[in-house]
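First the structure, in the form of structure tokens, and then the observations on it.
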Amino acid sequence: MKTTLSKTVLMSSLLSAAFSSSALADDAKMQALEARIAQLESLLKQQVQVQKAQGAKLQSVVVNVEDVEQIAKAAKKATVEYKPKASNYGLNIYGSLRPRLTLRDEGDRSSTDITDALSRIGIKGSKKISSGLTAFYRGEWDVDIEANGNFGDARLAFVGLEGDFGRVAIGKQWSPHYNLVAERSDIFNHRSSPFGYDTVAPFRTAELLSYSYSKGGFRLDSGVQINGDPAIAGNTGDSSRVSGPSHVDSGSFGMSYDFGNAYIGASFLQQQGDNDYERDLLGIAGSLNASENLYLAFTYQDISVSESAAPELDQYTFDLVGSYALGDGYKLKAGVFVFDDDINGADSDSHDGYNITFEKQFSDVRLFAEWLTRDFDYREERNTLSLGLRYDFDLAL
């Protein structure tokens with residue numbers, strides 16, 4: 001009995017030990033499994049964080065179709081409106097070469113010649129010299145294509161400063177009077193354009209101090225010429241009465257407004273010289289882009305001339321011009337003009353006339369044919385036919 005009990009106790013002990021060993025083994029496995037699960041959970045959390053970060057990045061660059069269209073439109077507009085900076089040197093070399101074959105007929109006289117429609121080469125540029133101030137300059141010279149092809153007289157030569165206050169320049173410049181009342185009508189290839197204005201009014205003016213200011217469509221333009229000599233200025237188009245004084249002091253002032261499709265401008269110019277010479281020019285001009293293809297403009301001047309050695313004169317000029325784009329680079333231009341010098345007899349230069357121009361534009365190159373008729377009151381009618389080539393260029397350095 002004792003032996004049986006001992007065996008039973010021993011068996012129980014062995015079973016208990018075996019069970020305990022099995023339990024310990026299961027606990028180790030469980031702990032290892034739990035550790036593996038914890039490791040996998042940690043890796044999973046890391047992967048979730050990575051996916052969230054990548055998703056945020058993708059979400060920041062995802063755009064819908066409308067956004068793409070808006071971006072494309074903005075990019076196209078920026079490309080169209082982009083203008084390259086002038087240059088590191090602030091220098092542009094430019095020019096316009098305009099040779100012509102010209103046939104003239106005046107009464108019983110006629111001629112055929114190679115002529116030139118005011119060819120020129122120039123330099124221009126600007127440089128910012130402070131936060132609100134820019135210096136600029138320009139020089140321009142004739143190219144004598146109709147003779148030896150030499151550089152001729154200076155057309156422009158000036159230096160100036162520009163800022164919020166406006167623009168100030170000193171030297172030979174475009175006349176403020178021309179800028180305001182003639183420029184809109186100066187659309188032809190002939191050297192006398194605009195034809196009525198050209199007879200007695202200024203284009204470029206030497207020894208000029210100018211001031212201009214513009215904001216929006218508004219523009220103010222003024223200038224003072226000091227001890228100017230018309231023989232040097234070479235800009236009046238008249239070698240007799242207008243250039244009579246040995247020296248001329250002049251002043252001009254005017255304003256204009258550009259509405260976009262329409263323009264209106266007015267200017268007053270006074271010139272004084274020897275022998276109590278005084279000439280006053282009151283001008284008014286306007287232009288209109290009547291349609292995408294049609295352009296119209298006019299220039300009118302009332303001119304009063306007084307001098308102690310001659311009677312007072314009351315003169316006027318009028319130019320009416322228009323152009324129509326025919327498509328594919330073709331353009332038709334036409335104009336009528338009048339100059340009345342208030343003089344009777346052989347000394348008079350009074351006349352009226354018309355011109356017709358046909359052009360073909362190839363980028364920077366233009367081919368043109370131009371017919372011009374001047375019908376004088378006291379001398380033979382003058383007719384001119386010009387066939388020409390015009391090449392324009394502008395190179396930034």
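The values are calculated or read from the model by the stated rules, or taken from the named source; none is laboratory data. Keep in mind that what you see is a predicted model, and the values were worked out from it rather than measured. Here the Cβ positions follow ideal geometry from the backbone for every residue, glycine too, while neighbour counts run over all protein chains shown. Please note that ligands, DNA and RNA were not included when accessible areas were found on the heavy atoms of the full protein model with its side chains. Shrake-Rupley method; radii C 1.70, N 1.55, O 1.52, S 1.80 Å.
Summary table
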{"quantity": "Single residue of 306, 291, 267 found to be touching a His at 6+ places or on another chain (Cβ under 6 Å) and of a type in the set (Ser, Thr, Tyr)", "calculated": "267"}
{"quantity": "Residues that are farther than 25 Å from residue 365 by Cα, open to solvent by less than 50 Å² (accessible area, probe 1.4 Å) and touching a Lys or Arg at 6+ places or on another chain (Cβ under 8 Å), drawn from segment 116-156", "calculated": "134, 135, 136"}
{"quantity": "Subset tally (residues that are outside any strand (DSSP E or B) and under 23 Å from residue 214 (Cβ atoms)) for segment 148-174", "calculated": "2"}
{"quantity": "Matching option when the condition is touching a Pro at 6+ places or on another chain (Cβ under 7 Å) and either assigned to a strand (DSSP E or B) or among the acidic types (Asp, Glu) (or both), among 121, 114, 145", "calculated": "114"}
{"quantity": "Residue 362, sole failed condition from (1) in contact with a strand residue (DSSP E or B) (Cβ under 8 Å, 6 or more places away or on another chain); (2) at pLDDT below 95; (3) among the aromatic types (Phe, Trp, Tyr)", "calculated": "(1)"}
{"quantity": "Entirely in segment 194-293, the strands (runs of 3 or more DSSP E) that have 1 or more residues that are at pLDDT 95 or above, touching a strand residue (DSSP E or B) at 6+ places or on another chain (Cβ under 6 Å) and over 28 Å from residue 374 (Cα atoms)", "calculated": "204-215, 218-228, 248-258, 262-273"}
{"quantity": "Breaking point among (1) among the acidic types (Asp, Glu); (2) open to solvent by less than 60 Å² (accessible area, probe 1.4 Å); (3) modelled with pLDDT of 95 or more, for residue 352", "calculated": "(2)"}
{"quantity": "Among (1) at pLDDT below 95; (2) surrounded by 11 or more Cβ atoms within 10 Å (Cβ to Cβ); (3) among the β-branched types (Val, Ile, Thr) - the single one residue 80 does not satisfy", "calculated": "(2)"}
{"quantity": "Some residue of segment 181-191 being part of a strand (DSSP E or B), in contact with a Pro (Cβ under 9 Å, 6 or more places away or on another chain) and under 21 Å from residue 283 (Cβ atoms)", "calculated": "no"}
{"quantity": "Any chance residue 189 is at pLDDT below 95, of a type in the set (S, T, N, Q) and open to solvent by 70 Å² or more (accessible area, probe 1.4 Å)", "calculated": "no"}
